[in-house]
Amino acid sequence: MTGFALGVDQEEWCAHLRALSADRLRPLAEKGEPGRINRPLLAELGELGLLERVFASGALELCLLRESLAYGCTEAETALALQGLGAYPVLRAGSEAQRARWLPGVRAGRAVAAFALSEPGAGSDAAALALEAAPDSGGADGGRGGWRLSGEKCWISNAPEADFYTVFARTGEGPGAKGVSAFLVPADRPGLTGEPLDMLSPHPIGSLAFDGVPVGPEDLLGEPGRGFRVAMDTLNLFRPSVGAFAVGMARAALDATLAHTAARTAFGGVLGDLQAVAHRVAEMATRTEAARLLVYAAAGAYDSGSPDVPRRAAMAKLLATETAQYVVDHAVQLHGAVALRRGHLLEHLYREVRAPRIYEGASEVQRTIIAKEMYRAVAPR
């Protein structure tokens, strides 16, 4: 995919989504409590059919959805994305029984999903997971051979209020990533507790403690020892769409800056007449457009089954999240003190934009992935 342009139908759909964000989703988001799951907002996303689109669409449509929602209501975008991240492993690797039990509720916004990968000592290095799944022949499955989960998860979005968790634990079939399995763990499973974490970003994040939590073969997502692949398949889809989320924030900040600098008078004219301001805005616009093109190129590669998805996905997330940080920061600077006032769009975006450079693989991890993929392509055969 060498270029990207939206068709008329796609442009109209994106405009429709931006209107929905402003008219129906933003009011519900404003009634929510920072750091808590907003269940009325999730229910509205389900009622509008948007959660269904997360599971029925390809990467390109997912990116359009996330960018458009992020432009008008970051809380709605994040609520939708976290449902997809937590439940996508169930869609791809779960059994018929698991999908039938949980996915209808996720699509309707009634059941809240969470993706539980990171740990206190294993964030960027996901293969270094320490959560142990010890064999338990008399476990929850009535003696057919199960496991007991013991350890901690940390920085888990939607924890501890989610209804179920996609949990990655070490079952020990091999070293590193080869010994990790994925489990679907309902929140009411005995021995599972959690607490919220007070974070900069406004969406819910918490820690989880596993004290001998019983799981059986029916709780596995895929095969034992293949859980790391389940995690990476999920992240390869969602990394470009994290970039789309970032692009949506950057575009909102850029549009706000254009409106402000075209109207605010200073030094005998409007701010936009000053070359320093105009050039800054031009740089913000150019970087945003470049990031957007890379995001949709990565999405197109994913949808076409290209073998270089890991590299493209990493590039898209890296450039888009770093760009959004740059654009929002400069938007705040050009607005001045008004943008620092609690409740201002840019004050909100400034708090939102920092986390995506860390979660689902920090920028440094993305650079490592890109370099490894490039060198793999030129390695001696």
(message) Cβ-Cβ distance below 8 Å, separation of 6 or more or different chains: which pairs start in segment 92-104 with a residue that is farther than 20 Å from Leu45 by Cβ and end on one that is assigned to a helix (DSSP H, G or I) and hydroxyl-bearing (Ser, Thr, Tyr)?
(response) Arg92/Thr234
(message) What's the total number of residues in segment 274-303 that are more than 17 Å from Ala250 (Cα to Cα), at pLDDT 95 or above and of a type outside the set (A, V, I, L, M, F, W, C)?
(response) 1
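Do we have any residue at all in segment 340-362 that's of a type in the set (A, V, I, L, M), more than 30 Å from Lys31 (Cα to Cα) and at pLDDT 95 or above?
no
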(request) Look through Val332, Val309 and report the one residue that is among the aliphatic types (A, V, I, L, M) and more than 25 Å from Leu62 (Cβ to Cβ). (result) Val332
(message) Looking for something in contact with an Asp or Glu (Cβ under 9 Å, 6 or more places away or on another chain), within 16 Å of Ala114 (Cβ to Cβ) and surrounded by 14 or more Cβ atoms within 10 Å (Cβ to Cβ) - is there at least one such residue anywhere in segment 248-265?
(response) no
(request) Just one of (1) assigned to a helix (DSSP H, G or I); (2) under 30 Å from Gly305 (Cβ atoms); (3) not acidic (Asp, Glu) trips up Gly222, so point out which. (result) (1)
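If you go through segment 233-260, how many residues are among the acidic types (Asp, Glu) and touching a residue at least 60 places away in the same chain (Cβ under 8 Å)?
Residues that pass the stated criteria total 1.
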(request) Considering each residue of segment 92-140, count those that are basic (Lys, Arg) and touching a Ser or Thr at 6+ places or on another chain (Cβ under 9 Å), and give that number. (result) 1
(request) Could you please let me know if Ala5 is of a type in the set (Gly, Ala, Ser) and modelled with pLDDT of 90 or more? (result) no
(request) Go through Ala19, Ala87 for me and flag whichever is in a helix (DSSP H, G or I) and surrounded by fewer than 17 Cβ atoms within 10 Å (Cβ to Cβ). (result) Ala19
(message) With the requirement that a residue be more than 19 Å from Ala133 (Cβ to Cβ) and of a type outside the set (A, V, I, L, M, F, W, C), what does segment 189-233 give you?
(response) Glu195, Pro196, Asp198, Ser201, Pro202, His203, Pro204, Gly206, Asp233
(message) For segment 227-237: of the residues being buried (at least 18 other Cβ atoms within 10 Å of the Cβ) and modelled with pLDDT of 90 or more, which is nearest to the chain's Cα centre (by Cα)?
(response) Thr234
(message) Condition check: surrounded by fewer than 20 Cβ atoms within 10 Å (Cβ to Cβ), aliphatic (A, V, I, L, M) and modelled with pLDDT under 95. Does Ala377 satisfy that?
(response) yes
(message) Checking the structure you have, find out if any residue of segment 76-94 is under 30 Å from Gly212 (Cα atoms) and among the acidic types (Asp, Glu).
(response) no
(message) Of the conditions (1) more than 27 Å from Gly300 (Cβ to Cβ); (2) not assigned by TED's automatic domain parsing to the domain that holds Glu218, Arg148 satisfies every one except a single condition; which number is it?
(response) (2)
(request) From (1) in contact with a Phe, Trp or Tyr (Cβ under 7 Å, 6 or more places away or on another chain); (2) more than 23 Å from Gly109 (Cα to Cα); (3) surrounded by fewer than 19 Cβ atoms within 10 Å (Cβ to Cβ), pick out the condition that doesn't hold for Pro224. (result) (1)
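The values are calculated or read from the model by the stated rules, or taken from the named source; none is laboratory data. A quick note: this is a predicted structure, and the numbers were derived from the prediction, not measured. All Cβ positions, glycine included, derive from the backbone under ideal geometry; neighbour counts span all protein chains shown.
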